[in-house]
Amino acid sequence: MKCNYFLLNALLLITLLFTKTIQAQNKTFSQQQIIDDFHNLYSSLVDTHYNAFAYISEKDFEARYQKLKNEISSPNYNLLEAITLYQQLVSSLNNGHTEIDFPVASYIQYAHAGGTLFPLELALEGSKAFIRANYSHNASFKKGAELISINDKPITEILEKIYPQISAERQYLKNAKLEIYTFPRYYWYVYGQQDKFEIKVRFKDKISNHHVTAIDVFNGFEDKKDEIINAQMTLRFYEHAAYLNPGNFSGDEKQYQQFIDDSFKQITTQKTKNLIIDLRNNGGGNDSFSDYLVSYIADKPFKWSSKFSLRTSQLLKLDTKEKRDLNNPYWRSIMEKEDGTQYEYNLGYHEPVADGKRYKGNVYVLVNRHSHSQSSVTAAQIQDYGWGKVVGEETAEYPSLYASQFQYSLPITGIIVKISKGYIVRVNGSEEAKGVVPTMLIKDKLRDDNDEILTTLLTRLSK
């Protein structure tokens, strides 16, 4: 499946951030400063996360902290080194919405200094890696071939070294995030600059060795690559179905609502009996967007979760006081509770559209491992209310999850930490640690340009 979106948005940030990048990346911190802020990180994660020990025991988290702290041995650390260290602690919480982002500032500076990258982009399926795109000058191996090793290191060993830099509940989500952020960037992040690569690949049971050289970050990779999170507002009609992609659940909300209104007017006019809602390769966003979409297929007032809970903390209150509207009952509730309090917040019901506007045909919701955050929650919502059949592959993210993210900065290094302040339970009340499982399972092979999920569904609808 071909996609085109740059989640990190590095190319747009280059001009705006380059001066700040140089200043930030050239900052160095003493060993004691790194130790002190590492303790600040540890304490703030425990004090601020909704449930820091949901997926790791307190004892194991403490042991991870002490192990990493004992590795702080250099007299000085730059920003990239600090982020690399700190994210290993953050990711040990095994929560996809608690993270320190990929070090974009360091990456941009590296790129401007003539930095290079590994030239192959990968699709990860189970424990195997397949070549999704080849940006090297060596065309002797094919797209879709399995990558076995790089410079005599098995790909499984390389991935195990990368995984601590990615926050996720499970390996399936780590792989999905790595596909989004891209293997070449993370290979540089973990292994640094390398100029030459000896790779071993398997294609149709034949194993072969190849030599590839590094490519320029900008001209060789960023200017050529395509991306995975690419949801765009789209409406089109097939012979047996209308196809609606609502785009990500973010951006200009009035424009989004107008698109949804216009789309359902056209769908009603066409009198199509099948509607396909595509939530694949979707970065998620806000429930107000997704609820507006769902209101056109709902037959009664609805929620996007059965339970939504928050935990107050000192850092959350500081963020709320500085950035939020305290006249809003939601934000005011955070300020009124004692630090550390977990409480359920009732977000109320959303009303469906008038009966004459509601779509009453068959609804199919497409998902894949890249249906992230609110898009995964929305697919579960439609499934749980019985308003549509979910089609595709299991989502990598859980629909019952620790999320509702906010961010704060560490006091010494200034590193930004994103953290889950809330807990969401899907509409049917299940808290099982698994993604949205489709009624109709169809594997999505990211290594090729075929749209297996949509094509298979359209074929079945035509019969």
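What follows draws every value from the coordinates through simple rules; no lab data is involved. If you're wondering where the values come from, they're calculated on a predicted model, not measured in any experiment. Cβ: placed from backbone, ideal geometry, glycine included. Neighbour counts: every protein chain shown.
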message: Give me a comma-separated list of calculated 3J(HN,Hα) values for region 156-163, in order, Karplus coefficients 6.51, -1.76, 1.60 applied at θ = phi - 60°, integers in Hz, x for any Gly or Pro.
response: 5, 5, 5, 5, 4, 6, 7, 3
task: Multiply the residue gap between THR213 and GLU58 by 0.36 nm, knock off their C-alpha separation, and tell me the result in nm, one decimal place.
output: 51.3 nm
- prompt: Given H placed 1.01 Å from N in the peptide plane, which residues other than close sequence neighbours of GLU125 have an amide H under 5 Å from its amide H?
  reply: PHE130
- line: Residues meeting the amide H criterion for ASP278 (H placed from the backbone, H to H distance under 5 Å, 5 or more places apart or on another chain) are LEU244, ASN245, LEU366
message: From the phi angles alone, apply the Karplus equation (6.51, -1.76, 1.60; θ = phi - 60°) to region 393-409 and give each ³J(HN,Hα) in whole Hz, x where the residue is Gly or Pro.
response: 10, 4, 5, 6, 8, 7, x, 9, 8, 8, 8, 6, 6, 9, 9, 8, 10
field: Built amide H within the under 5 Å cut-off of LYS389, gap 5+
entry: VAL363, TYR364, VAL365
message: When only alpha-carbon atoms are used, what values of Rg and Dmax, in angstrom, describe region 48-192?
response: 16.5, 52
Separation in nanometres of the label points that stand 7 Å from Cα toward Cβ, at SER30 and ASP355: 7.5
message: I need the P(r) histogram for region 369-463: all alpha carbon pairs, bin width 5 Å from 0 out to the longest distance, whole percents.
response: 3, 12, 18, 19, 14, 11, 10, 6, 4, 2, 1, 0, 0
message: Longer than 31 Å from Cα to Cα, which of LYS174/LYS225; LYS161/LYS418; LYS177/LYS357 are they? Say none if no pair is.
response: LYS177/LYS357
statement: Of the candidates ASN138, ILE416, ILE150, the farthest towards the positive dipole end of the chain (Lys/Arg Cβ +1, Asp/Glu Cβ -1, centred on the Cα centre) is ASN138
message: Full-extension gain between LYS128 and HIS39, please, as 0.36 nm times their residue separation minus the C-alpha to C-alpha distance.
response: 28.4 nm
field: Sites LYS224 and GLN405, calculated FRET efficiency, Cβ-Cβ separation with R0 25 Å, nearest 0.05
entry: 0.20
statement: Here the convex hull volume per residue of region 234-461, taken over Cα atoms and given in Å³, is 145
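Which GluC sites (Glu not before Pro) does region 320-377 hold that lie in a coil by DSSP with at most 13 other beta carbons within 10 Å?
Listed in order of number, the matching sites are GLU338.
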